[in-house]
Amino acid sequence: MQLNNINYYSDETNKEYLSVSQFKNFYGTLDNNGCEERALAQINGEFLIEPSKSMLQGQYLDACFEGTEDKFKNNNPDLYTLKGELKAEYRQAQSVFERVVQDDLFFKYMDGEKQIIMTANLFGATWKIKMDSYHKDKCIVDLKFIEDIHKKFYSHDLGFVNFIEYWGYDLQLAIYQLVVEKHTGKKLPCYIAVADKKNPPDFEIIQINQYCLDSAIEYYDVENKTKRIIELKKGTIAPSKCGVCEYCREHKVLKNPISSDFLIY
Ligand SMILES: [Zn+2]
């Protein structure tokens, strides 16, 4: 199947290809739980997660940079007033866009080819990626719109970490780098173009160090987990349940009392 911007997120495509967001649905990031059963239900179209306000704000910002606001408006009429104006909670993204494009460096990094799709076989699966700003032979840039660039997150395993590690953006860019390398033979540096929701917004172009990208592949055990996802998708092994996510709670049936020792972990 040839991928394009229309079928990229379809159920059919998600069955055939593996993506970073699918991988995160299966195995989570740092303290954010994944769930094999829920991830499979999502791929099979049996469980839908409505996009959050934060995700939609990010998508709006992507559309601003891509110059596809009209398409965004057609796809998300609920986010606009009857007069056709963007609702107040999304106007913040609009003003952030207007602010960051005035910055020469930010604009330069976001001025690559937009929403470029590539696929490659990694660890036995065909992965699909979509890059926000791709500078051929030079670098890969991903755009993020977050609460606070300098926020410290606490991870049970690693202690205090930054937003890149906490949300698994190191894993995301590491996969992008590997897919591009398979296509072009070139290992490109990876950047995050980030703006935050402070007033006025803070923004940066952040290079993710190569050792962070390499260690993300190791930390998330991508090779073994990918092999497991392939089997889960084929149905040759049964998915495990996390027991606490929305999907697991919806399908919960009690079998035995649990011990109070297992309430927190
Ligand atoms: Zn679950």
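The values are calculated or read from the model by the stated rules, or taken from the named source; none is laboratory data. Just so you know, these numbers come straight off a predicted model, no measurement behind them. All Cβ positions, even for glycine, are placed from backbone atoms using ideal geometry, and neighbour counts span all protein chains on display. When the accessible area is computed, the model is the full protein with side chains, heavy atoms only, and any ligands, DNA or RNA have been set aside. Shrake-Rupley method; radii C 1.70, N 1.55, O 1.52, S 1.80 Å.
Residue by residue through region 93-100, what is 3J(HN,Hα) from phi via Karplus (6.51 cos²θ - 1.76 cosθ + 1.60, θ = phi - 60°)? Round to whole Hz and write x for glycine and proline.
Each residue of region 93-100 in turn: 5, 5, 6, 5, 4, 4, 6, 6 Hz.
For S133, what is the net charge nearby, where nearby means another residue's Cβ is under 9 Å from its Cβ and Lys, Arg count +1, Asp, Glu -1?
On the way: positive: K114; negative: D111, E113, D132, D142.
Residues close to S133 contribute a combined charge of -3.
Using helices alone, I'd like the mean residue ellipticity at 222 nm for the chain: each DSSP H run of four-plus residues gives -39500 (n - 2.57), total over residue count, nearest 500. Could the numbers behind the result be given before it?
Working: 12 runs with 110 residues, N = 265.
Helix-only estimate at 222 nm: -12000 deg cm²/dmol.
For the chain, with all protein chains present and a 1.4 Å probe, just round the carbon and sulfur fraction of the accessible area to a whole percent. Display every interim value, and only then the final one.
Values: 7490 of 15020 Å².
Summing carbon and sulfur atoms, their accessible area is 50 percent of the total for the chain.
Using a 7 Å offset from Cα along Cα-Cβ at K53, what residues in region 82-108 end up with backbone N under 17 Å from the label point?
86-96
Label N209 and E223 with points 7 Å out from Cα along Cα→Cβ: what is the distance between them in nm?
The modelled label-to-label distance comes out at 2.3 nm.
How much of the DSSP beta bridge set in region 112-225 is antiparallel, as a percent to the nearest 5? Don't skip to the answer; put the middle values down first.
On the way: 20 of 27 bridges.
Of those bridges, close to 75 percent are antiparallel.
Using a 1.4 angstrom probe, figure out how much accessible area the chain has per residue, in square angstrom, rounded to the nearest whole. Working shown, then result.
Working: 15020 Å² over 265 residues.
In whole numbers, the chain has 57 Å² accessible per residue.
Find the relative contact order for region 1-74 and round it to a whole percent, using C-alpha pairs within less than 8 Å whose residues are 6+ positions apart. Present the calculation step by step, with values, prior to reporting the outcome.
Numbers: 37 pairs, mean separation 13.0, N = 74.
For region 1-74, the relative contact order is 18 percent.
So how tilted is helix 53-66 from the main axis of the chain? Cα-based, degrees 0 to 90, rounded to 10.
Its long axis makes an angle of about 40 degrees.
Distance between the C-alpha centers of region 1-61 and region 191-229? Whole Å please.
Going from one Cα centre to the other spans 17 Å.
If you line up the long axis of helix 222-234 against the longest principal axis of the chain, both from Cα atoms, how many degrees apart are they, to the nearest 10?
Helix 222-234 sits roughly 70 degrees off the main axis of the chain.
Could I have the simple spin-label model distance between E12 and K197, label points 7 Å from Cα toward Cβ, reported in nm to one decimal?
In this crude label model, E12 to K197 measures out at 3.6 nm.
Among the listed pairs K15/K182; K73/K130; K24/K138; K152/K198, give every one whose C-alpha distance is greater than 24 Å.
Numbers: K15/K182 22 Å; K73/K130 21 Å; K24/K138 27 Å; K152/K198 15 Å.
Where the Cα-Cα span goes over 24 Å, the pairs concerned are K24/K138.
So what J values fall out for region 203-219 if you push phi through Karplus, 6.51 cos²θ - 1.76 cosθ + 1.60 with θ = phi - 60°, rounded to Hz, Gly and Pro as x?
7, 8, 10, 10, 8, 8, 4, 4, 5, 5, 5, 5, 6, 5, 4, 6, 4
Could you tell me what percent of the DSSP beta bridges with both partners in the chain are antiparallel, to the nearest 5? Mind showing how you got there, number by number?
Values: 22 of 30 bridges.
DSSP beta bridges in the chain are roughly 75 percent antiparallel.
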